[in-house]
Amino acid sequence: RDVLGQGAEAYGWMMAAVGVGALSGALWVASYGRRVPRGRLMLRTSVTFGALIFLLSVPKSIGFAMLILAAAGFMMIANGATANTLLQTLAPERLRGRVVSVYTLVAVGMAPLGALEAGAVAEHFGAPVAVAVGGTICVLGALLVRWKTPELRATT
């Protein structure tokens, strides 16, 4: 509403674009995910997701926003499925349940803190700045993980 000048119907279409991208990403990982080393795939989808979120701060048209959101949905699911697979295959069997529960806590339970940050930034500087900051944090976090865990790139 504030950035694109659209209402609830356009928001529904934008969320549908995320869903189409997510479904495509899930099908792609299920079909072709084994062809790319999982560690590399996780790192690439992390960086790409952050870059797409950053790009979402730029569009002035609903069509471009929907394309970005579809691609971001694809990357989000490809990343989540790959990360979950890596955790479950690399964790020792006796620790697997605990590892997955910590992953779930971080992936789902930390979302309200991110929403709080995004809301505070949006309130003071506007929604595009909040989205750009969120995308930048995603990219920097992914690059930090890539730098600190070179062995992840070789993980199959």
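Accessible area of ILE137, 1.4 Å probe, to the nearest 10 Å²?
Rounded to the nearest 10, that gives 100 Å².
Going through the stretch 50-156, which trypsin sites (Lys or Arg not before Pro) have at most 10 other Cβ atoms within 10 Å and a DSSP loop state? Kindly include the intermediate steps, with their values, before the conclusion.
On the way: sites: LYS60, ARG94, ARG96, ARG98, ARG146, LYS148, ARG153; in loops: LYS60.
Answer in residue order: LYS60.
So the label point goes 7 Å from the Cα of ASN84 along Cα→C-beta, right? Which residues of the stretch 16-35 then have their backbone N under 19 Å from it?
18-35
What fraction of the Cα pairs in the stretch 14-101, stated in percent, has a spacing above 15 angstrom? Please report the intermediate quantities before stating the final value.
Details: 2320 of 3828 pairs.
Of all Cα-Cα distances in the stretch 14-101, 61 percent exceed 15 Å.
(i) 1.11; (ii) 1.00; (iii) 1.44: which one is Cα Rg over 2.2 N^0.38 Å as calculated from this entry?
So the calculated entry is the one marked (i).
How much of the accessible area of the chain, probe 1.4 Å, is carbon plus sulfur, in whole percent? Numbers along the way, then the final one.
Numbers: 6720 of 9730 Å².
The C+S portion of the solvent-accessible surface of the chain is 69 percent.
Write down the accessible area per residue of the chain in Å², having rolled a 1.4 Å probe over the full set of protein chains. Write out the running numbers ahead of the final one.
Details: 9730 Å² over 156 residues.
In whole numbers, the chain has 62 Å² accessible per residue.
As I understand it, the dipole of the chain uses +1 on the Cβ of Lys and Arg and -1 on the Cβ of Asp and Glu, about the Cα centre. Which of GLY21, LEU4, THR89 lies farthest toward its positive end?
Most positive-ward Cα: THR89.
The values are calculated or read from the model by the stated rules, or taken from the named source; none is laboratory data. All figures in this text were calculated on a predicted structure; none of them were measured in a lab. Because the Cβ atoms are built from the backbone with ideal geometry, glycine has one as well, and the counts that use them run over all protein chains shown. Surface areas here come from the heavy atoms of the whole protein model, side chains and all, with no ligands, DNA or RNA. Shrake-Rupley method; radii C 1.70, N 1.55, O 1.52, S 1.80 Å.
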